[in-house]
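*Asks:* One structure, pasted below without further comment.
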Amino acid sequence: MFLLLPFDSLVVNLLGISITVLFTLLLVFIIVPAIFGVSFGIRKVYMKTLLKIFQWATLRIERGAKEKKHPLYKPYVNGIIAKEPTSLEEEIKEIRRSGSGKALDTPEFELSDIFYFCRKGIETIMDDEVTKRFSAEELESWNLLSRTNYNFQYISLRLTVLWGLGVLIRYCFLLPLRIALAFTGISLLVTGTTVVGYLPNGRCKEFLSKHVHLMCYRICVRALTAIITYHDRENRPRNGGICVANHTSPIDVIILASDGYYAMVGQIHGGLMGVIQRAMVKACPHVWFERSEVKDRHLVAKRLTEHVQDKSKLPILIFPEGTCINNTSVMMFKKGSFEIGATVYPVAIKYDPQFGDAFWNSSKYGMVTYLLRMMTSWAIVCSVWYLPPMTRQPEEDAVQFANRVKSAIARQGGLVDLLWDGGLKREKVKDTFKEEQQKLYSKMIVGNHEDRSRS
């Protein structure tokens, strides 16, 4: 029979004690608080400590660069070209006045008019306000992650040691801990919703389903060391309504679902995601679509309308941008969810990129790579604002209503309100956008000529 040496026995005992202590700490400080929705404030202390370290590191980089006369990269927060909000007509008037001296009343095409379009084209190439929304937000200070430091170079031994210590903490301590928590949260979600799904419909099932979902999402939030501040909770979405929010990351769902109980809408997937979806729908009336059904707008609208008309059903959670934007702006909302006629509950989500970039650039990173980057960041810090409910006005169409909701979210979250379609991440600009500029220019010339003829 195999016998352990005294030293080996000691190592096994120490390892067993370490694992027991680790699981006890996880249970006491993470899982139990997640069940009851409380926090000991450890993450906030951790965040304040990180802020002080980041400030010191940034000052040390600036001082070192100044001593060695190295130029510092400074991000262009407001763009690299100063743009004034002037109309096409005003700018062409100015070009003609300074060039040929002819007034805009002249119906002929002037060669100098092309300078306006040339300048706009060059501005767009140099400082494109659309495609830069699909790349990570630039930071003004370093957060000890080499992926965000454009000034990454040797400055001092202390700073290098601090960065190396940070790598060890993030990859050797935080990453295994976060993977364990994520596995725990997902396992409990699948198991819990499956068990609850076998119960008969009623208040007991609804109560258990709600608290199983909240508990598991809160554990997953802790798996990302997410520090979330919720504002105006009295405006949280209610049954029979639609919750719409700006979209930065797949974890937007977890951020919102850890503070509320929602019916999810989405396409049915395979693999692990499919297992989670099938388990969740047993305990809660989520709205899942087959791949062939997603493109059928009328079928989707019908299913959503049937859901919101039942005031006993949970609010639907929708991200009408349809793609992830880098949390500096809000792009065009698809009108589908605004045609239903239900009460809309807008929610603004704003992440703090100092601790970790939550934006998912799906064109550059797959889901596994993205999750690895998230779990090796310092933390995910964000603010969530629940805005007052909004309803469609009698004179509004669905597009106008969507734009009004989008503007309210952008204003509250401090985001740029853009009219562009987020689908431009993967598609070319539609010909209709080009034709609009052509029509505007021709209408300006022909319209002025017609006005002058009538007079």
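The values are calculated or read from the model by the stated rules, or taken from the named source; none is laboratory data. Treat the numbers as computed from the prediction; the structure is a model and nothing was measured. Cβ atoms come from the backbone with ideal geometry, glycine included; neighbour counts cover every protein chain shown. With ligands, DNA and RNA removed, areas are computed over all heavy atoms of the protein, side chains included. Shrake-Rupley method; radii C 1.70, N 1.55, O 1.52, S 1.80 Å.
*Asks:* Could you count how many residues in region 155-187 are surrounded by 17 or more Cβ atoms within 10 Å (Cβ to Cβ) and under 21 Å from Arg60 (Cα atoms)?
*Replies:* The number of residues fulfilling the criteria is 4.
*Asks:* Here is a list of conditions, (1) open to solvent by 20 Å² or more (accessible area, probe 1.4 Å); (2) of a type outside the set (A, V, I, L, M); (3) in contact (Cβ under 8 Å) with a residue 40 or more places away in the chain, and Cys204 meets all of them except one; can you say which number that is?
*Replies:* (3)
*Asks:* Now, a different point. Only one of (1) at pLDDT 90 or above; (2) open to solvent by 80 Å² or more (accessible area, probe 1.4 Å); (3) not hydrophobic (A, V, I, L, M, F, W, C) is not met by Asp431, so which one is it?
*Replies:* Unmet for Asp431, out of (1) at pLDDT 90 or above; (2) open to solvent by 80 Å² or more (accessible area, probe 1.4 Å); (3) not hydrophobic (A, V, I, L, M, F, W, C): (1).
*Asks:* Right, here's the next one. Could you tell me which residue of region 188-201 is farthest from the chain's Cα centre (by Cα), considering only residues that are exposed (fewer than 14 other Cβ atoms within 10 Å of the Cβ) and modelled with pLDDT under 90? First the steps, then the outcome.
*Replies:* As a first pass, look at region 188-201 and keep what is exposed (fewer than 14 other Cβ atoms within 10 Å of the Cβ): 191, 198, 200-201.
From what is left, the residues that are modelled with pLDDT under 90 are 198, 200-201.
Values: Tyr198: 35, Pro200: 37, Asn201: 35 Å.
The extreme case among them is Pro200.
*Asks:* Now a separate question. Pick out the one residue from Val281, Val308 that is open to solvent by 50 Å² or more (accessible area, probe 1.4 Å) and either part of a helix (DSSP H, G or I) or more than 30 Å from Cys204 (Cβ to Cβ) (or both). Steps first, answer last, please.
*Replies:* On the way: Val308 fails: open to solvent by 50 Å² or more (accessible area, probe 1.4 Å).
The unique qualifying residue is Val281.
*Asks:* Show the residue pairs meeting these rules: Cβ distance below 8 Å; 6+ apart or different chains; first residue within region 24-46 and in a helix (DSSP H, G or I); second residue hydroxyl-bearing (Ser, Thr, Tyr).
*Replies:* Close Cβ pairs satisfying both conditions: Leu26/Thr184; Ile31/Thr184; Pro33/Ser39; Arg43/Thr225; Tyr46/Thr225.
*Asks:* Suppose we filter His269, His298 for residues that are without any contact (Cβ under 8 Å) to a residue 40 or more places away in the chain, in the same structural domain as Arg236 (by the TED database), over 26 Å from Tyr386 (Cα atoms) and not in a helix (DSSP H, G or I); which single one remains? Write out each step before concluding.
*Replies:* On the way: His298 fails: not in a helix (DSSP H, G or I).
Of His269, His298, the one residue that is without any contact (Cβ under 8 Å) to a residue 40 or more places away in the chain, in the same structural domain as Arg236 (by the TED database), over 26 Å from Tyr386 (Cα atoms) and not in a helix (DSSP H, G or I) is His269.
*Asks:* Quick one: which residue in Arg233, Arg238 is of a type in the set (D, E, K, R), more than 30 Å from Leu51 (Cα to Cα) and in contact with a strand residue (DSSP E or B) (Cβ under 8 Å, 6 or more places away or on another chain)? Lay out the reasoning, then the answer.
*Replies:* Values: Arg233 fails: more than 30 Å from Leu51 (Cα to Cα).
Exactly one of Arg233, Arg238 is of a type in the set (D, E, K, R), more than 30 Å from Leu51 (Cα to Cα) and in contact with a strand residue (DSSP E or B) (Cβ under 8 Å, 6 or more places away or on another chain), namely Arg238.
*Asks:* Select from region 329-379 the residues that are among the β-branched types (Val, Ile, Thr), closer than 22 Å to Phe401 by Cα and either open to solvent by less than 40 Å² (accessible area, probe 1.4 Å) or modelled with pLDDT under 85 (or both) and list them in ascending order. Let's see the steps before the verdict.
*Replies:* If we filter region 329-379 for residues that are among the β-branched types (Val, Ile, Thr), which is where we start, we get 330, 340, 343-344, 347, 349, 368-369, 376.
Those still in the list that are closer than 22 Å to Phe401 by Cα too: 330, 340, 343-344, 347, 349.
Val330, Ile340, Val344, Val347, Ile349, listed by residue number.
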